[in-house]
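The values are calculated or read from the model by the stated rules, or taken from the named source; none is laboratory data. These numbers come from a predicted model, not from an experiment. All Cβ positions, glycine included, derive from the backbone under ideal geometry; neighbour counts span all protein chains shown. With ligands, DNA and RNA removed, areas are computed over all heavy atoms of the protein, side chains included. Shrake-Rupley method; radii C 1.70, N 1.55, O 1.52, S 1.80 Å.
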Amino acid sequence: MAVTMFEWAADFNQREVFGWTLVESQADADRLAALIREAPAVAQSRTSISGAIARGVELIEAAPYDGFRRVIDISGDGPNNQGASVVEARDAALARRIVIN
C-alpha cells in the first residue's frame, strides 16, 4: 500500500508529516510508525473537516501510485467550524470514487 500523512486544522493550516511512501514490509511499517511517534504535535485553532477532505483529494489525485482503492482517513477533535461545507467536500471526494473514513 502507499500512504501519506498530514496534520490539519483550518483549511489553510496543513502540515505534511510524511509524503507518499510504499509500505511493503514490516520494516516499512515500523519506519512510518517511528515517524508518526516522533512528529511534533502542533496545536492549531479552527477545525476544517472540509479542508482536510479537499487536501486529501488533492494528494490522492497527485499520488505517484495508481491504487485500486483510494481512501482518506480523517481524525479530528471537533465539528467543522471553518471553511466550506463538509457535505460538499464529501460529495466531491465520492464523485472521484474516494472513500472517506
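Brief remarks follow.
- The protection proxy used here, the mean number of other Cβ atoms lying within 10 Å of each residue, ranks peptides 80-90, 17-27 as follows, highest first: 80-90, 17-27.
- With K and R counted +1 and D and E -1, the other residues having a Cβ less than 14 Å from that of GLN14 yield a net charge of -1.
- Accessible area in square angstrom per residue, the chain, 1.4 angstrom probe: 66
- Among ASP11, ASP28, the sequence by solvent-accessible area, most first, with a 1.4 Å probe is ASP11, ASP28.
- Percent accessible area from carbon and sulfur atoms, segment 1-63, protein chains only, probe 1.4 Å: 53
- Computed about the Cα centre, the dipole magnitude for segment 22-101 is approximately 180 debye when only Lys and Arg (+1) and Asp and Glu (-1) carry charge, each at its Cβ.
- Each stretch of four or more DSSP H residues adds -39500 (n - 2.57); spread over every residue of the chain, this sum gives -11000 deg cm²/dmol at 222 nm.
- Antiparallel DSSP beta bridges within the chain, percent to nearest 5: 75
- Less than 5 angstrom separates the built amide H of ASP11 from those of SER48, all sequence-distant by 5 or more or on a different chain.
- Relative to the compact-globule estimate of 2.2 N^0.38 Å, the Cα radius of gyration of the chain comes out at 1.10.
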